[in-house]
Amino acid sequence: MTTVEINASKSYQVKIGHSLLSQIGAEINKLGYVRKVCIVSDSNVWPLYGEKVLTSLLKAGLQACYFLIPAGEDSKNGANYLDLLNHLAENRLTRTDVIAALGGGVVGDLAGFAAATFLRGIRFVQIPTTLLAAVDSSVGGKTAIDLPSGKNLAGAFCQPSMVLCDIDTLNSLPEDVFRDGCAEIIKTAILFDPSLFKTLCQDTLAFDRESVIACCVTHKRDIVRADEFDRGERQKLNLGHTVGHCVETLSNYTLSHGKSVAIGTAIIARAAAKLGLCSQETATKIQWLLMNFELPTTTTLSAKNLAACARTDKKRTGTTINLIIPKEIGSCILYPISINDIESIIEAGL
Ligand code: GLY
């Protein structure tokens, strides 16, 4: 097992290893003063792992209840959020009790936002069961729900009390969903780590899961320590996301987050090369690695439509958007542009 210590406004451990689900009760007891745990999970994950987690909690002497949502981004909505708060209240969770998010990014974001706000804040534990959640969304304390007008528009920074990543759960992921998580790993490699990039080039899907997840979490630890509240450096984690979110939104979420980010990353890399901000060789390497993971790198959407969507990006400040531009593998910069220039930059990368 590998443990990564996170030191943000709250310190906690991320534990990555095999057979961790059966130890969840004992691990949660280590947090102290826990009486009851509400597991939040979805219709895909609960049938696979719900009983194991419940048994582990009861064996550790904890009381447990659970709240399930249909799998998918649509569930990260205000109605489910309020239902979850009511469920917590009806089950009389108190400030010393814990929410356990068992699932991927949707479950983690919804459960985390409920934890941030129920009784003005109770503790929560992330138990990521997708690669994407393991390497990114379960760590760093971003929690949110979607509003009808956009993704993640209501949320809070709220660090979990612990992250338990049982890599055995990744075995049940459809390969396509596993590849989605690979897009975030490739993003991390482009941002910070030429050696991880090389490993991915050599091993593709056969990479060592424990060490690659630990490597991504370690990079995320560093960025969260430097800029927990997303005012500067942390925005680099949005590499490929400004355009990627637009691809995702304009597909009405029929294209997954990982694939949309892959397209966004390839577009920005090609645009950066055309604008002389990185070498053609760097852009080609990025595109090649994405394609090697069978991730998409192009879209039929127009620059005009993508730019119109990008102008509504919540990360926009006034009339400026910070794009993340790869300079070389392992080094990216924040590149503020006027919203009037976004269309021509996207056009350059299509
Ligand atoms: N997923 C991006 C971040 O945590 O900042």
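Data overview
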| item | result |
| --- | --- |
| Flag if T282 is modelled with pLDDT of 95 or more, surrounded by 14 or more Cβ atoms within 10 Å (Cβ to Cβ) and part of a helix (DSSP H, G or I) | yes |
| Matching option when the condition is closer than 21 Å to S172 by Cβ and buried (at least 20 other Cβ atoms within 10 Å of the Cβ), among I28, I16, I6 | I16 |
| Among (1) in a loop (DSSP other than H, G, I, E, B); (2) of a type outside the set (D, E, K, R); (3) away from the ligand (no atom under 14 Å from the Cβ); (4) touching a strand residue (DSSP E or B) at 6+ places or on another chain (Cβ under 8 Å) - the single one L255 does not satisfy | (4) |
| Members of region 229-252 that are away from the ligand (no atom under 12 Å from the Cβ) and not acidic (D, E) | T242, V243, C246, V247, T249, L250, S251, N252 |
| Single unsatisfied condition, L20 versus (1) touching an Asp or Glu at 6+ places or on another chain (Cβ under 6 Å); (2) free of Cβ contacts under 8 Å to residues at least 40 places away in the same chain | (2) |
| Selection status of G264, more than 16 Å from the ligand (Cβ to nearest atom) and either under 29 Å from R311 (Cα atoms) or over 19 Å from the mean Cα position of the chain (by Cα) (or both) | no |
| Matching residues, region 34-91, being surrounded by 16 or more Cβ atoms within 10 Å (Cβ to Cβ) and in contact with a Gly (Cβ under 6 Å, 6 or more places away or on another chain) | S41, D42, V45, S56, L57, A60, L62 |
| Answer residue from region 191-209, given it is away from the ligand (no atom under 14 Å from the Cβ) and surrounded by 16 or more Cβ atoms within 10 Å (Cβ to Cβ) and is nearest to I324 (Cα to Cα) among those | D193 |
| Failed condition for R231, given (1) among the basic types (K, R); (2) at pLDDT below 95; (3) part of a helix (DSSP H, G or I) | (3) |
| Selected residue (only one of V4, V45, V37 is among the aliphatic types (A, V, I, L, M), within 22 Å of E90 (Cβ to Cβ) and either at pLDDT 95 or above or touching an Asp or Glu at 6+ places or on another chain (Cβ under 6 Å) (or both)) | V37 |
| Complete set of residues in region 210-228 that are over 12 Å from L131 (Cα atoms), more than 12 Å from the ligand (Cβ to nearest atom) and crowded, with 22+ Cβ neighbours inside 10 Å | C215 |
| Residue list for region 101-122, restricted to those being buried (at least 24 other Cβ atoms within 10 Å of the Cβ) and not small (G, A, S) | L102, V106, V107, D109, L110, F113 |
| 3 or more residues closer than 19 Å to D146 by Cα and of a type in the set (A, V, I, L, M): qualifying helices (runs of 4 or more DSSP H) within region 1-115 | 78-90 |
| Test result for L289, closer than 24 Å to N305 by Cα and either within 16 Å of the ligand (Cβ to nearest atom) or modelled with pLDDT of 95 or more (or both) | no |
| Selection within region 129-157 - part of a strand (DSSP E or B) and free of Cβ contacts under 8 Å to residues at least 40 places away in the same chain | T143 |
| Matching residues, region 229-255, being polar (S, T, N, Q) and either surrounded by 21 or more Cβ atoms within 10 Å (Cβ to Cβ) or within 22 Å of D341 (Cβ to Cβ) (or both) | Q235, N238, T242, T249 |
| Enumeration of residues in region 318-337 that are free of Cβ contacts under 8 Å to residues at least 60 places away in the same chain and not in a strand (DSSP E or B) | G318, T319 |
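The values are calculated or read from the model by the stated rules, or taken from the named source; none is laboratory data. Here the structure is a predicted model, which is why all the values come from computation and not from measurement. Because the Cβ atoms are built from the backbone with ideal geometry, glycine has one as well, and the counts that use them run over all protein chains shown.
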